[in-house]
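Data first, discussion second: the structure below is written as structure tokens.
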Amino acid sequence: GSLALLADAGHMVSDGAALGLSALAAWLAARPPSRRHTYGLGKAELLAALVNALSMLVVVFLIGMEAWRRLQAPGQIDGAIVGGVAIAGLLVNLLVAWVLSRGEPNLNVRGALLHVMGDALGSVAAIVAGAVIYFTGWTPIDALLSLLIGGLILSSSVALLREALHAALDGVPAHIDLDDLGRQLARVAGV
């Protein structure tokens, strides 16, 4: 009956889909250019990051709706089971995050890592909720912590979405100073 645990489980399902989408996008982006795709398929990673960010916004919205419902009408929650399952979920998420953090640092990998780190935070919230419920019986903590985690996921999802949209619109990358680049190019003979 734990929303934090349910949100964590739902988030893990979306993580699996996000990781699969990210892997497919990385595979497509690594393919060489062809007569049909003369620039290659590098934008596939960008599209995967957009889909991952948008899917996280949907997850946050659903968590928020259910948390509000449960704050209005709390139910019974077994704190010990919630805590035990959440600890197992946290260990899996930390392992996946470690593997992803060793990959190439691009928007696609960041999108997948965002899913996993959000899920790890959900696991921590579920652990805390399970402990509080087990020791005190206060069940609203479950919905409150779910809202807190939803807010954290919302913040990072909006940032990823903003960056992915900026790149999709061929915006200047944040690490490039356009004026400085122009000065450097002006120093090159023949430019």
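Data table
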{"item": "Criterion: of a type in the set (Ser, Thr, Tyr) and crowded, with 21+ Cβ neighbours inside 10 Å - qualifying residue of SER22, SER34, SER14", "result": "SER22"}
{"item": "Meets criteria (hydrophobic (A, V, I, L, M, F, W, C), over 20 Å from LEU152 (Cα atoms) and free of Cβ contacts under 8 Å to residues at least 60 places away in the same chain) for ALA120", "result": "no"}
{"item": "Residue within region 56-74 that is among the basic types (Lys, Arg) and either open to solvent by less than 60 Å² (accessible area, probe 1.4 Å) or within 30 Å of HIS175 (Cα to Cα) (or both) present", "result": "yes"}
{"item": "Qualifying residue in region 34-43 (condition: closer than 19 Å to ALA120 by Cβ and either touching a Phe, Trp or Tyr at 6+ places or on another chain (Cβ under 6 Å) or among the small types (Gly, Ala, Ser) (or both))", "result": "no"}
{"item": "GLU66 in contact (Cβ under 8 Å) with a residue 24 or more places away in the chain, part of a helix (DSSP H, G or I) and more than 20 Å from ALA125 (Cα to Cα)", "result": "no"}
{"item": "Cβ-Cβ under 7 Å pairs, at least 6 apart or on other chains, region 73-87 side in contact (Cβ under 8 Å) with a residue 24 or more places away in the chain, far side part of a helix (DSSP H, G or I) and loosely packed, with under 15 Cβ neighbours inside 10 Å", "result": "PRO74/PRO140"}
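Residues checked against (1) within 17 Å of ALA143 (Cβ to Cβ); (2) modelled with pLDDT under 85; (3) acidic (Asp, Glu):
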position	(1), (2), (3)
LEU5	yes, yes, no
GLY16	no, yes, no
LEU19	no, yes, no
ALA23	no, yes, no
ARG31	no, no, no
LEU50	no, no, no
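The values are calculated or read from the model by the stated rules, or taken from the named source; none is laboratory data. Computed from a predicted structure; not experimentally measured. A quick note on method: Cβ atoms are made from the backbone with ideal geometry, for glycine too, and the neighbour counts reach across all protein chains shown. With ligands, DNA and RNA removed, areas are computed over all heavy atoms of the protein, side chains included. Shrake-Rupley method; radii C 1.70, N 1.55, O 1.52, S 1.80 Å.
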